[in-house]
Amino acid sequence: MSTENWTTVIKPREKLFDLKLEETWKYRDLIALFVKRNFSTIYKQTILGPIWILITPLITTLIQTLVFGNIAGIGTNDVPPFLFYMCGTLIWSFFQSSLSGISNTFAANAYIFGKVYFPRLVMPITTVLSNLIQFSIRFAMFAVVWIYFIIKGNVRPNISLLLLPLYLLCSGIMAIGIGTMISSMTTKYKDLQMVVGVLIGYLVYLTPVIYPLSETQGKIRVLILCNPMTSVVEGFRYSFLSKGSFPPIGSLIYTMIFSAAIFCLGMIMFNKAERTFMDTV
Amino acid sequence: MSDTVIKFENLYKQYRLGTIGTGTFYGDVQSWLARVRGKEDPNSKIGETVNTKSGKFYALNNINAEVHAGDALGIIGRNGAGKSTLLKVLSRVTAPTKGTVSVKGRISSMLEVGTGFHPELTGRENIFLNGAILGMRKSEIAKKLDEIIEFSEIEKFIDTPVKRYSSGMYVKLAFSVAAHLDSEILVMDEVLAVGDMKFQQKCLGKMDSAANNEGRAVLYVSHNMSTIRNLCSRCIVLDHGSIIFDGGTEDAISLYMERGESDLKAHYDFRDLQRIDMVYGQRLYVKDLYFLDKTSANYYQNEKIRFKVCWDLFKDVGKLQAFATLRYADDVNVCTAISDNIEYDPTKKEHETVFEFDSTGLMPGRYYFHFSIFSTNEFGSYLKHDHVTRNIFFEISVPEGSSALYWPEHYFGHIRMPDMKVLDNSPNN
């Protein structure tokens with residue numbers, strides 16, 4: 001009997017760390033359809049439709065320029081404030097919306113996870129891809145503003161622009177790692193969901209998004225340096241604006257190691273949670 | 001022997017009773033501290049025996065079975081017997097506690113209709129999405145698209161968002177997608193309970209041909225014995241998480257009918273039952289009800305249902321009659337039976353009366369009734385003396401071996417009227 005070639009063997013426990021990449025790959029069409037669904041459904045029955053993708057960051061940037069630039073007067077390393085905030089918000093919102101989306105994976109999809117099986121990793125991947133597309137659209141808008149300021153001579157790009165994929169990868173991986181961890185924990189304690197919602201909103205202040213790292217000092221600076229997103233945001237902005245400083249290699253490596261570690265941890269917890277979460281959610 | 005496509009081996013699924021933790025971290029810490037200090041758990045319910053070790057039960061208890069290609073396997077059992085849990089484990093929605101399930105081929109499971117349908121998307125878009133959720137590639141769905149749309153009978157609305165669909169259309173579309181997948185195994189959990197009768201028949205036909213002509217394995221869970229009878233060649237009867245029977249459909253169904261005994265009590269005691277009106281039970285008090293000649297209230301169609309009622313009389317109330325409002329197990333009102341005048345001696349306190357009613361016309365299924373004793377005044381309005389609101393269950397089934405007419409009670413109702421007479425159709429004028 002053992003010679004029979006079963007396609008699937010359902011067992012109580014599986015390997016602790018198993019990405020099931022092969023299986024997830026088989027469901028690539030599902031991922032594509034989910035991404036498409038995310039876009040086509042959010043903006044259905046809205047007048048402006050997908051233009052909202054651009055309006056939201058535009059408003060955020062305008063308010064930041066007004067509040068932090070004009071009223072609070074926080075320095076921006078001689079970068080035009082509007083461009084400075086737009087740049088930081090661009091990469092940050094990719095991370096933030098991926099993270100908050102993923103941390104909701106189990107809770108938001110309980111109805112479908114409870115009825116049918118597909119690799120659960122499909123959902124976090126879908127969230128990141130959707131946000132990546134959103135990022136690209138916003139990036140196009142940013143590019144227009146950016147090129148305008150390049151022509152005016154305020155800023156210029158530099159060679160570290162080649163690291164752009166790394167910044168995106170790090171923030172994506174980190175979002176999946178932290179998000180899946182939170183989502184796995186929320187299957188039992190729903191309180192966490194509330195906490196996370198609030199914390200993610202405030203995390204932006206611990207990251208040099210609305211201020212340059214150079215404006216910080218003392219203990220706060222240490223705290224900000226501990227934030228693995230710091231070097232991503234700083235590096236991202238430096239590569240486009242050539243103002244401020246390129247983040248030290250050490251902090252970049254720290255971010256990469258952190259991302260990889262949190263990703264593995266997240267996957268382990270996610271795998272464990274997905275096996276039985278239907279019984280507890 | 002044909003190829004084994006599913007093999008359950010020593011399968012267990014354990015659940016914990018009650019809530020899992022207290023649901024909040026604070027509550028869990030509180031309970032844990034109380035346990036450590038040996039105090040009573042502040043989060044336990046009053047009267048609940050606190051025993052963290054024994055609050056578990058097996059929804060599946062050592063399941064061993066094989067399913068072959070071309071099998072149409074029915075899974076029957078009472079509520080809570082483990083049917084749905086078995087399908088959930090098989091569909092990989094939840095993991096087993098012990099044991100393994102080995103599967104050969106793809107499973108398309110419908111534990112619920114329209115899983116993953118998005119209300120904002122059109123029917124066509126949802127076919128793709130639903131197909132992909134069930135594990136199909138986009139190209140495969142595209143190949144089958146026309147067939148699916150045709151089967152679903154909703155060509156006209158296929159480009160309308162499904163949020164505008166009626167529930168029937170929703171089900172039709174969902175079933176069509178699942179039934180057309182190229183999977184080796186089809187798992188269905190009572191999805192045919194909705195949709196119109198014609199479509200139900202069509203679905204049964206589709207599932208039948210999936211098993212017989214295409215050699216797929218079909219697993220079907222239902223409480224509707226006539227569908228099981230029509231569709232399944234083999235049946236598993238589950239009871240308290242164990243397989244108690246695996247074999248022919250007819251044998252399985254008759255066994256299943258008998259297993260209901262625990263619910264179908266032969267004796268009801270109303271002494272501790274709170275009456276819904278202060279007056280009830282003051283002049284007259286109904287104490288017990290016994291089904292006669294039976295160890296459980298199982299009856300065949302057309303059988304006479306006989307029961308004895310013990311009651312106390314406190315006051316002479318004149319002419320008495322009894323009535324029973326009959327409902328189907330799903331709380332649908334079926335009919336009311338009213339008795340003749342009850343003969344009794346008004347000077348005595350304790351009385352016993354035997355009632356009999358004819359179940360002729362009641363279609364198979366589980367019914368219950370509420371029992372009252374009342375008298376009428378000259379204007380025809382009635383005065384209830386006692387009314388017991390406890391559900392008194394009995395079950396009607398078809399005698400073994402008799403071929404039952406397919407009777408979708410959602411449409412036909414629960415009563416079959418006396419057969420229509422065919423009169424002479426050549427009027428002699």
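The values are calculated or read from the model by the stated rules, or taken from the named source; none is laboratory data. In this text, all values refer to a predicted model and were calculated from it rather than measured experimentally. When we count neighbours, we look across all protein chains shown, and the Cβ atoms used for this are built from the backbone with ideal geometry, even at glycine. Each accessible area value is taken on the protein alone, full model and side chains, heavy atoms only, with ligands, DNA and RNA left out. Shrake-Rupley method; radii C 1.70, N 1.55, O 1.52, S 1.80 Å.
A few notes on this one:
- Checked against the criterion of being in contact (Cβ under 8 Å) with a residue 12 or more places away in the chain, more than 14 Å from chain B (Cβ to nearest Cβ), farther than 22 Å from residue A:82 by Cβ and of a type in the set (A, V, I, L, M), segment A:215-224 contains one or more residues that satisfy it.
- Of all residues in segment A:35-57 being over 18 Å from the mean Cα position of the chain (by Cα) and open to solvent by less than 70 Å² (accessible area, probe 1.4 Å), the one that is nearest to residue A:122 (Cα to Cα): A:37
- Within segment B:88-136, the set of residues being under 25 Å from the mean Cα position of the chain (by Cα) and more than 7 Å from chain A (Cβ to nearest Cβ) comprises B:88, B:90, B:107, B:108, B:110, B:113, B:114.
Conditions (1) in a helix (DSSP H, G or I); (2) over 13 Å from residue A:95 (Cα atoms), marked per residue:
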| residue | (1), (2) |
| --- | --- |
| A:164 | yes, yes |
| A:171 | yes, no |
| A:177 | yes, no |
| A:184 | yes, yes |
| A:188 | no, yes |
| A:214 | yes, yes |
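- If you go through segment B:123-146 and keep only what is out of contact with any His (no Cβ under 6 Å at 6 or more places or on another chain) and surrounded by fewer than 21 Cβ atoms within 10 Å (Cβ to Cβ), you end up with B:124, B:137, B:138, B:139, B:140, B:142, B:143, B:145, B:146.
- Of all residues assigned to segment B:178-190, at least one qualifies as being open to solvent by 60 Å² or more (accessible area, probe 1.4 Å) and either assigned to a strand (DSSP E or B) or under 25 Å from residue B:60 (Cβ atoms) (or both).
- Only residues that are open to solvent by 10 Å² or more (accessible area, probe 1.4 Å) and over 24 Å from residue B:133 (Cβ atoms) were counted in segment B:70-93, giving 5.
Conditions tested, residue by residue: (1) part of a loop (DSSP other than H, G, I, E, B); (2) within 27 Å of residue A:109 (Cβ to Cβ); (3) touching a residue at least 60 places away in the same chain (Cβ under 8 Å).
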| site | (1), (2), (3) |
| --- | --- |
| B:60 | no, yes, yes |
| B:74 | no, no, yes |
| B:85 | no, yes, yes |
| B:108 | no, yes, yes |
| B:117 | yes, yes, no |
| B:129 | no, yes, no |
| B:142 | no, yes, no |
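- Considering only residues in segment B:94-104 that are outside any strand (DSSP E or B) and open to solvent by less than 20 Å² (accessible area, probe 1.4 Å), the one that is nearest to residue A:117 (Cα to Cα) turns out to be B:94.
- Meets criteria (of a type outside the set (Val, Ile, Thr), free of Cβ contacts under 8 Å to residues at least 60 places away in the same chain and either within 14 Å of chain B (Cβ to nearest Cβ) or surrounded by fewer than 21 Cβ atoms within 10 Å (Cβ to Cβ) (or both)) for residue A:62: yes
- Out of A:219, A:188, A:152, sole residue that is under 30 Å from residue B:88 (Cα atoms) and surrounded by fewer than 21 Cβ atoms within 10 Å (Cβ to Cβ): A:188
- Filter result for residue A:124 (under 30 Å from residue B:178 (Cβ atoms) and crowded, with 22+ Cβ neighbours inside 10 Å): yes
- Condition met for residue B:172 (basic (Lys, Arg), more than 9 Å from chain A (Cβ to nearest Cβ) and buried (at least 18 other Cβ atoms within 10 Å of the Cβ)): yes
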